[in-house]
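Student: Below: one structure in structure tokens.
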Amino acid sequence: MKKILLSIICLLVVAAFPAFAQKDAQAKVILGQVSQKYRTYNIIKSDFTFTVDNPQAGIKETRNGSLITQTKSNKYKVAIYAAGTANVDNEVINDGKTQWTYLKADKEVQVSKASSNPNEFSPAKIFTIYETGYKYLYTGDQKIGGKIYQGIDLTPESEKAQYFKIRLLIDKAKNRSTVPRSLTATAANTTTHCAALLAMPL
């Protein structure tokens, strides 16, 4: 469970491909709409379903969870629910200075200093991740369930980043263009897929 929780934090919290030699103008416009809308709210809650797949470690698990972020700070709260229930199994709370990780099964709370490493992915930056340290490319439209989604691939500029590729799918409809339908992060041995990011202001 600790390995799964770590993968979630990294998501919701690098090798660049030749196609990413420059930042793509069309991708920048789409991503700009996402971050602009995000900044109009003080606090955002996002409900999601995620799958962590690491064949080498023998991990493949799907869970539901929620993410609450404060847009003008680096504060966030991630709650992971027990499989098939709405009961909180694990929680991560970060106030920008201190991070508390609650592991219910182990009856343990881990307290650590919040990371200030720019190469680490913070869940608080999930809607503005592209703005610093990433190259981005619009990969085209995809039709899923009768809706059109815009695909964008992000690659970190730093070789020390935790993931070498992050793929976003964003609803093309104007009234939903600010909420990614899915986010898939790929590392050397682990793929973390986060689907149906339903965001709403609090």
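Please treat every number below as a calculation from the coordinates, not as lab data. These figures come from a predicted structure and were not determined experimentally. Note that each Cβ is placed from the backbone with ideal geometry, even for glycine, and that neighbours are counted across all protein chains shown.
Student: Between residue 147 and residue 93, take the C-beta separation as r, use R0 = 30 Å, and let me know the FRET efficiency to the nearest 0.05.
Tutor: 0.35
Student: Assuming 0.36 nm per residue, please report the length gained on full extension of the stretch residue 60 to residue 172 beyond their Cα-Cα distance.
Tutor: 37.3 nm
Student: By how many nm would the segment from residue 40 to residue 81 grow when fully extended, if each residue of separation counts as 0.36 nm and the alpha-carbon distance is taken off?
Tutor: Full extension of this stretch gives 11.9 nm more.
Student: For the stretch 75-165, run through the GluC sites (Glu not before Pro) and keep only the ones in DSSP coil with at most 12 other Cβ atoms within 10 Å of their Cβ.
Tutor: 159
Student: Then there is this: Could you let me know the centre-to-centre spacing of the stretch 26-54 and the stretch 65-129, using Cα atoms, in angstrom?
Tutor: If we compute the Cα centre of each part, the gap is 16 Å.
Student: Under a point spin-label approximation (7 Å from Cα along Cα-to-Cβ), what is the residue 107-residue 157 distance to one decimal in nm?
Tutor: Spacing of the two 7 Å Cα→Cβ label points: 4.9 nm.
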